[in-house]
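Engineer: After the structure tokens below, expect a handful of questions from me.
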Amino acid sequence: MSGVIDFRARPNTPEWARYLARRTRTIRTEAGGMKYGEYTADEETLDGFLKQLDEAGIERAVFAARDRSGTDPDWILTNDFVAECVRAAPDRIVGFAGIDGSRPEAAADAVRHAVCDLGLLGACFDPFLLQAAPDDERFDVIYRACNDLGVPAVVTLGGLPGLPTPLRNSSPLAIDIVAKRFPDLVLIASHGGWPFPLEMIAVAWRCENVYFENSFYHFAPGAEVLVEAANTMIGHKMLYASAYPFAPLGETLSRFRTLPFNADVLDKVLFGNADRLLAQIAARAADAG
């Protein structure tokens, strides 16, 4: 068994904790002793986060900034802060930018600055905040910027509890449309496998440029089919993610290992897929820069 790459884990530093405090947590469904959305991590330093990674056996974590300032001026975790964390632990943290989809042209500029000047390797945004699906053509300028720079666009999907947006805006079917519109762009659906697991399986299977992680939604009722699909069809497209600090690092990984993945597939999901993808992204970004 190789190491582990957690594709969605953020150090709960004071900067992130202030951002996180604005997140409404409303899910009350229990699964295996863990209540969805009710976990509260202790505030920590970056060194404390790295120690947690060591204790959990996690080699690297993908840390994405967030920018929702267009809909809430106080809701932002800056790209500069993420870049600082990467510089402090370049072998442990992979940094992705957070961009504001409400201002697509400015967001495209932010992607270029984040990649070319800050050394970040991807861009994350949340179409649902704008009551929009990922295939809304206003976001094409963002996708084009990511494509030109050779970095992935990471799009938030999932159940999105407590957020006033139509659930249809989280359908992976919209990712399918974007993938066909930009066939050379790597797209990563963030916690994208639930509540539409069959749709996510089909999109990941038919679109060479689509990957996804499902975070703690792997433990939601109905998500079991994702394991079967990984074992038979899309084992090379699934990425492991904990969603820390929304879920505990070590406990989430331990529970994930109990899911009935084939051994070789589990190794790919926990490490191999992300390691290969991140190496390709770094090489493409270097060529584009």
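The values are calculated or read from the model by the stated rules, or taken from the named source; none is laboratory data. All figures in this text were calculated on a predicted structure; none of them were measured in a lab. Positions of Cβ are generated from backbone atoms using ideal geometry, with glycine treated the same way; all protein chains shown enter the neighbour counts.
Engineer: What helices (runs of 4 or more DSSP H) lie completely within the stretch 248-289 and have 3 or more residues being over 30 Å from THR40 (Cβ atoms) and among the hydrophobic types (A, V, I, L, M, F, W, C)?
Structural biologist: Working: elements: 249-257, 263-267, 273-288.
Where helices (runs of 4 or more DSSP H) fall fully within the stretch 248-289 and carry at least 3 residues being over 30 Å from THR40 (Cβ atoms) and among the hydrophobic types (A, V, I, L, M, F, W, C), they are 273-288.
Engineer: Go through the residues of the stretch 153-173 one by one and say whether even a single one is farther than 27 Å from PHE216 by Cβ and surrounded by fewer than 23 Cβ atoms within 10 Å (Cβ to Cβ).
Structural biologist: Within the stretch 153-173, none of the residues are farther than 27 Å from PHE216 by Cβ and surrounded by fewer than 23 Cβ atoms within 10 Å (Cβ to Cβ).
Engineer: Might you let me know whether the stretch 98-111 holds any residue that is among the charged types (D, E, K, R), over 25 Å from ASP287 (Cα atoms), over 17 Å from the mean Cα position of the chain (by Cα) and at pLDDT below 95? Quick ask: steps written out before the conclusion?
Structural biologist: First pass over the stretch 98-111, keeping only residues among the charged types (D, E, K, R): 100, 103, 105, 109.
From what's left, over 25 Å from ASP287 (Cα atoms): 100, 103.
Cutting the leftovers down to over 17 Å from the mean Cα position of the chain (by Cα) gives us 103.
Filter once more, keeping what is at pLDDT below 95: 103.
Scanning the stretch 98-111 turns up at least one residue that is among the charged types (D, E, K, R), over 25 Å from ASP287 (Cα atoms), over 17 Å from the mean Cα position of the chain (by Cα) and at pLDDT below 95.
Engineer: Now a separate question. So in the stretch 218-271, with the set limited to residues that are among the charged types (D, E, K, R) and within 19 Å of ARG8 (Cα to Cα), which one is surrounded by the fewest Cβ atoms within 10 Å (Cβ to Cβ)?
Structural biologist: Going residue by residue through the stretch 218-271, those that are among the charged types (D, E, K, R) are 224, 228, 237, 251, 255, 257, 264, 267-268.
From the residues that got through so far, the ones that are within 19 Å of ARG8 (Cα to Cα) too are 237, 251, 255, 257, 267-268.
Numbers: LYS237: 24, GLU251: 17, ARG255: 19, ARG257: 13, ASP267: 17, LYS268: 22.
Taking the candidates together, the pick is ARG257.
Engineer: Also, I was wondering about something else. Quick one: count up the residues across the stretch 113-135 that are surrounded by fewer than 17 Cβ atoms within 10 Å (Cβ to Cβ) and within 18 Å of VAL86 (Cα to Cα). Spell out the reasoning first.
Structural biologist: Looking only at the stretch 113-135, we keep the residues that are surrounded by fewer than 17 Cβ atoms within 10 Å (Cβ to Cβ), and these are 113, 116-117, 119, 131.
Restricting the remaining residues to those that are within 18 Å of VAL86 (Cα to Cα) gives 113, 116-117, 119.
Looking only at that region, the number is 4.
Engineer: Considering only residues that are of a type in the set (D, E, K, R) and buried (at least 24 other Cβ atoms within 10 Å of the Cβ), which ones fall in the stretch 177-217?
Structural biologist: Step one: filter the stretch 177-217 for residues of a type in the set (D, E, K, R), giving 180-181, 184, 199, 206, 208, 213.
Of everything in the stretch 177-217, just one residue is of a type in the set (D, E, K, R) and buried (at least 24 other Cβ atoms within 10 Å of the Cβ), namely GLU213.
Engineer: If you don't mind, another one. Report, ordered by the first and then the second residue, all pairs with beta carbons closer than 6 Å, sequence separation of six or more or different chains, a first member in the stretch 88-114 that is of a type in the set (D, E, K, R), and a second member that is part of a strand (DSSP E or B) and at pLDDT 95 or above.
Structural biologist: ARG92/ARG60
Engineer: Among the residues in the stretch 39-49, are any within 24 Å of HIS113 (Cβ to Cβ) and at pLDDT 75 or above? Steps first, please.
Structural biologist: Taking the stretch 39-49 first, the residues within 24 Å of HIS113 (Cβ to Cβ) are 46.
With at pLDDT 75 or above added as a condition, the list becomes 46.
Scanning the stretch 39-49, I find at least one residue that is within 24 Å of HIS113 (Cβ to Cβ) and at pLDDT 75 or above, so the answer is yes.
Engineer: If we scan the stretch 268-289, do we find a residue that is touching an Asp or Glu at 6+ places or on another chain (Cβ under 7 Å), within 28 Å of ALA174 (Cβ to Cβ) and in contact (Cβ under 8 Å) with a residue 60 or more places away in the chain? Steps first, please.
Structural biologist: Residues of the stretch 268-289 touching an Asp or Glu at 6+ places or on another chain (Cβ under 7 Å): 288.
If we keep only those that are within 28 Å of ALA174 (Cβ to Cβ) too, we end up with 288.
The next check asks that each one be in contact (Cβ under 8 Å) with a residue 60 or more places away in the chain; those that pass are 288.
Yes: the stretch 268-289 contains one or more residues that are touching an Asp or Glu at 6+ places or on another chain (Cβ under 7 Å), within 28 Å of ALA174 (Cβ to Cβ) and in contact (Cβ under 8 Å) with a residue 60 or more places away in the chain.
Engineer: Taking PRO164 as the residue in question, decide whether it is more than 23 Å from ALA288 (Cα to Cα) and without any contact (Cβ under 8 Å) to a residue 40 or more places away in the chain. Outline the logic, then answer.
Structural biologist: Values: more than 23 Å from ALA288 (Cα to Cα): yes; without any contact (Cβ under 8 Å) to a residue 40 or more places away in the chain: yes.
So PRO164 fits the description; yes.
Engineer: Looking only at strands (runs of 3 or more DSSP E) that lie completely in the stretch 96-197, which have at least 2 residues being aliphatic (A, V, I, L, M)?
Structural biologist: Working: elements: 123-125, 153-156, 187-190.
Once the strands (runs of 3 or more DSSP E) in the stretch 96-197 are filtered for at least 2 residues that are aliphatic (A, V, I, L, M), what remains is 153-156, 187-190.
Engineer: If ARG138 satisfies all but one of (1) farther than 12 Å from ALA107 by Cβ; (2) surrounded by fewer than 23 Cβ atoms within 10 Å (Cβ to Cβ), what's the number of the condition it fails?
Structural biologist: (1)
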